[in-house]
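Visitor: One structure, pasted below without further comment.
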Number of protein chains: 2
Amino acid sequence: MKKALVVFSGGQDSTTCLYWAKEKFTEVAAVTFDYGQRHKIEIEQAVRIAVDAGVAHRIINIPTLSELTTNSLTRDDIAISQEKGALPSTFVSGRNLIFLSFAAIYAHENGISDIVAGMSQTDYSGYPDCRDTFIKSLNVTLNLAMDAQFRLHTPLMWLTKAETVKLARQLGCLPVLALTQTCYEGKRPACGKCPACKLRLKGFAEAGIDDPLEYEINKY
Amino acid sequence: MKKALVVFSGGQDSTTCLYWAKEKFTEVAAVTFDYGQRHKIEIEQAVRIAVDAGVAHRIINIPTLSELTTNSLTRDDIAISQEKGALPSTFVSGRNLIFLSFAAIYAHENGISDIVAGMSQTDYSGYPDCRDTFIKSLNVTLNLAMDAQFRLHTPLMWLTKAETVKLARQLGCLPVLALTQTCYEGKRPACGKCPACKLRLKGFAEAGIDDPLEYEINKY
């Protein structure tokens, strides 16, 4: 019985990873992190998708992250922006480091060695902790931390957004993407204008596939 | 101005590290983690020692750790024990991984690159995340996670407990060790019988130095 744990935000990428894991492993569990994100609606969507996919789902609270960092993802009073050459204002220092570390602890306590996460270097938008080298280094560190043999899987690492959309179609989870939350403004229908919405729409357009998600704007 | 952050539990080792950092750096700050530990009294002692040492001190809450793990350090209903060949029941999976990751995030947000922590491989008692290889791997991972240039310092890594006691004398912080909290039972005067107390007493005995801490038992 091979069991995997998916780090699952309820967004497009991690939902695709959830279905990828369902195909590769005989049993799949998912964890979603509540870290005080502005787009809290993604947690509600994550619950819906996990129920729909029939996987065990645990929400883990990490209040520490927003206590320690200043960014527009957890604070209403900071605008979402990206200046050229600078890190986006949505960057939460060390977010994936903390997420994957807690996911590994949870996996370890539950006898799971395979951890699946949706990081992608191709569209990493300046987030250093989405890059492949970070993930590989973290894999070694986690194994040393717990005398374990974790395997971190990042099936989207080298895919473009368009390729990820095509992978979702291949996995048969395209309709589920209507439930996913991408919009950084936390809107449903999605705003279509924030960096995350724009990236998503661009991916679907390039793949020549219709995005099943509802938008406030005309998406074409 | 070279500033360092000390991961500071209020115990003997991290107090020695605090004074080591005060000698090496021009400015020192300290962080203490409240993770629901049974021996919460160590946090009160940490506050006293930090005031005494004149360093800025921040307490960071990490409720997530005790939510995810089962161990005798955060749970009253599990006995403190160590079976031969097994991890001690006080082991919190990934504890130092989480502590150092949050410390690095805090340091990063405050423009600090030097982080000091009291891990020691010499008396690591089976905790994999006290070992030098883990610390070095984590250092690389933290730098990759935040595009940073952290330097993790572990001045006690290869010292015996007796050598650490001698280092404390050399740094002039021996009297401060009367304020430190070592006892896993959270007792003051210390129980003198738990694994942590025994290790401490052995170190002082081997160094031929009197432990300024009060014990319930006759320490000689």
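The values are calculated or read from the model by the stated rules, or taken from the named source; none is laboratory data. Note that the structure is predicted; figures quoted are calculated from it, not measured. Glycine gets a Cβ as well: all are built from the backbone with ideal geometry, and neighbour counts include every protein chain shown. SASA here: full protein model, heavy atoms, side chains in, ligands and nucleic acids out. Shrake-Rupley method; radii C 1.70, N 1.55, O 1.52, S 1.80 Å.
Visitor: What residue, among those in region A:104-117 that are part of a loop (DSSP other than H, G, I, E, B) and open to solvent by 20 Å² or more (accessible area, probe 1.4 Å), is nearest to the other protein chains (Cβ to nearest Cβ)?
Guide: A:N110
Visitor: Please state which of the following conditions B:P155 fails to meet, knowing it meets all the rest: (1) in contact with an Asp or Glu (Cβ under 9 Å, 6 or more places away or on another chain); (2) part of a loop (DSSP other than H, G, I, E, B); (3) open to solvent by 30 Å² or more (accessible area, probe 1.4 Å); (4) more than 14 Å from every other protein chain (Cβ to nearest Cβ).
Guide: Just one mismatch for B:P155, condition (1).
Visitor: Inspect region B:126-133 for any residue being crowded, with 20+ Cβ neighbours inside 10 Å, out of contact with any Phe, Trp or Tyr (no Cβ under 7 Å at 6 or more places or on another chain) and in a loop (DSSP other than H, G, I, E, B) and give the result as yes or no.
Guide: no
Visitor: Which is away from every other protein chain (no Cβ under 12 Å), open to solvent by 10 Å² or more (accessible area, probe 1.4 Å) and either of a type in the set (V, I, T) or outside any loop (DSSP other than H, G, I, E, B) (or both), of B:K166, B:K136?
Guide: B:K166
Visitor: Which condition number in (1) part of a helix (DSSP H, G or I); (2) more than 14 Å from chain A (Cβ to nearest Cβ); (3) within 30 Å of A:F33 (Cβ to Cβ) is the one that B:K22 fails?
Guide: For B:K22, the failing item is (3).
Visitor: Would you call A:K193 in a loop (DSSP other than H, G, I, E, B) and open to solvent by 20 Å² or more (accessible area, probe 1.4 Å)?
Guide: In short, yes.
Yes or no, residue by residue, for (1) charged (D, E, K, R); (2) open to solvent by less than 70 Å² (accessible area, probe 1.4 Å); (3) farther than 18 Å from A:G172 by Cβ:
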position: A:V28; (1), (2), (3): no, yes, no
position: A:K40; (1), (2), (3): yes, no, yes
position: A:A53; (1), (2), (3): no, yes, no
position: A:H57; (1), (2), (3): no, yes, yes
position: A:N61; (1), (2), (3): no, yes, yes
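Visitor: What number goes with the only condition from (1) within 16 Å of B:A205 (Cβ to Cβ); (2) over 14 Å from the mean Cα position of the chain (by Cα); (3) surrounded by 17 or more Cβ atoms within 10 Å (Cβ to Cβ) that B:K161 does not pass?
Guide: Here B:K161 meets the rest and fails (2).
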